[in-house]
Amino acid sequence: MRKALRWLLAFTVLIGTLSTAGAATAAEPEATGTTDIKEQLLSIPGMSLIEEKPYTGYRFFVLNYTQPVDHRNPSKGTFQQRITVLHKDVSRPTVFYTSGYNVSTTPSRREPAQIVDGNQISMEYRFFTPSRPAPADWTKLDIWQAASDQHRIFKALKKIYDRNWISTGGSKGGMTATYYERFYPKDMDGVVAYVAPNDVVNDEDSAYDRFFAGVGTKECRDRLNAVQREALVRREPLEKKYAAYAAENNYTFRTVGSLDKAYEAVVLDYVWGFWQYNQLENCGDDTLIPPDAKNATDDQIWASIDTVGGFASYTDQGLEPYTPYYYQAATQLGAPTIHFPHIERKYIRYGYQPPRNFVPSDIPTRFQPWAMRDVDTWVKHNARHMLFVYGQNDPWGAEPFRLGKGAQDSYVLTAPGANHGARVAGLVEDEKALATARILEWAGVASTSVQENPSTAKPLAKFDARLDERGVERTLRP
């Protein structure tokens, strides 16, 4: 399974102004008709305002929406789920985004919203605080319940935003967009899923070992492997440093079980973590990756592991915000297990630990091997208007979604040299144009010239550094 590698990504996205016919439009924040957009949103049963934040050319709302804890039995209680609305104009298409984790309350755009110049609805995934029922019945945290959250939000907002909708997300968010499409295939007009892992058979993870045997260059792989091995060779002095670090920050290790287990988990994440959110050229940074691990100081080894992996990751305080992720990995999503042929067995005490180890012991888990198989089979045979984007050097892409004979107008594309922050803008030119053209078409805003010549397709939005400048965000999990 997979447990430790975290870090989600957030993508750079841009937005602009172009009508369906291709003529520029002003970024007016007003809704059509005489009713203000805030009034329209708050007229939805169960919708309440947390705050509105100003942003030029938009209205940005942070809202709560009342959801049933159990969509199969709505009478069993409700909880408040946070969503945000980046409103441009009800005459524009709408992008439905989720990271699969918490929702950001700062205005931002994801790449599809920039491409189609549209509105963006963002959803906080259930059980990530504060969108957690109280008391928390963890059996109600599964991919169908989460997809049903999105379905209810879509039905409520479609009455206001009645043009085409595109769902999107990256990493766990890309998985979420895919699961939503599987359970509610009639809702969206298109899906753009970025760097979405697809762990179909949880116990068969050889694809990851093959990935690490060939990613990047041999020189870089050897350099990273040497630092990782040295961190385990020097376990005793570095764990003393770890104990002091934990004491200074009041970190504890009840969930994982011990400082020793947490230390090894961080170290074994090191190589994966490097490729997840670094570029190949970063391997030559001597301050990040010591060039001669055996002769490096303890402080140099510590700093490299901490910068790439983060020694706070497997503390109780580091794990707690991600309990819903680890619970899902332990019950439905699965998680990779990788091996370390460059490290002698005597230095590895626990190996890659399963996600169950990172869920508090009082929360029971039971793995459902059929969940991912069902989604994988559905995508292969039923995908329609779906785009999967992967990064060539991203470990999470070792087990991607694949399309079968039943797929229609759907694509799996890989950005060369890209990491877990891969996006359409990083694809080779012809694939970038193809992806952009299809997204515009699915959103209903492809101009006549793009329909006639897809190679001319470009995002409809101008770049906005505050909204769109996004790298690979370290959010501590995949």
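Before moving on, here are some points about what is shown:
- When residues of the range 106-120 are limited to those that are more than 12 Å from A461 (Cα to Cα) and touching a helix residue (DSSP H, G or I) at 6+ places or on another chain (Cβ under 6 Å), the one modelled with the highest pLDDT: Q120
- Within the range 451-468, restricting attention to residues that are out of contact with any strand residue (DSSP E or B) (no Cβ under 6 Å at 6 or more places or on another chain), touching a residue at least 60 places away in the same chain (Cβ under 8 Å) and not in a helix (DSSP H, G or I), the residue that is least open to solvent (accessible area, probe 1.4 Å) is D464.
- Selected residue [among the aliphatic types (A, V, I, L, M) and out of contact with any helix residue (DSSP H, G or I) (no Cβ under 6 Å at 6 or more places or on another chain)] from A156, A147: A156
- Only one of G421, G406, G417 that is under 26 Å from K186 (Cα atoms) and either small (G, A, S) or in a loop (DSSP other than H, G, I, E, B) (or both): G406
- Residues of the range 204-244 that turn out to be closer than 30 Å to V379 by Cα, without any contact (Cβ under 8 Å) to a residue 24 or more places away in the chain and open to solvent by 60 Å² or more (accessible area, probe 1.4 Å), as a count: 2
- Qualifying residue in the range 310-324 (condition: in contact (Cβ under 8 Å) with a residue 60 or more places away in the chain, part of a loop (DSSP other than H, G, I, E, B) and open to solvent by 10 Å² or more (accessible area, probe 1.4 Å)): yes
- The condition (being more than 20 Å from Y270 (Cβ to Cβ), open to solvent by less than 20 Å² (accessible area, probe 1.4 Å) and either assigned to a loop (DSSP other than H, G, I, E, B) or out of contact with any strand residue (DSSP E or B) (no Cβ under 8 Å at 6 or more places or on another chain) (or both)) is satisfied by just one residue among D362, D376: D376.
- Filtered residues of the range 101-147 (kept if closer than 22 Å to V191 by Cβ and part of a helix (DSSP H, G or I)): E111, P112, A113, Q114, I115, V116, I143, W144, Q145, A146, A147
- Matching residues in the range 274-288 - criterion: being polar (S, T, N, Q), over 12 Å from P395 (Cα atoms) and in a helix (DSSP H, G or I): N282
- Any hit, the range 135-148, residues being closer than 24 Å to S43 by Cβ, open to solvent by less than 40 Å² (accessible area, probe 1.4 Å), at pLDDT 95 or above and touching a Pro at 6+ places or on another chain (Cβ under 9 Å): yes
The values are calculated or read from the model by the stated rules, or taken from the named source; none is laboratory data. All values derive from a computational prediction rather than experimental measurement. Note that we place each Cβ from the backbone using ideal geometry, even for glycine, and neighbour counts take in every protein chain shown. Protein only, heavy atoms only, side chains kept; ligands, DNA and RNA dropped before computing areas. Shrake-Rupley method; radii C 1.70, N 1.55, O 1.52, S 1.80 Å.
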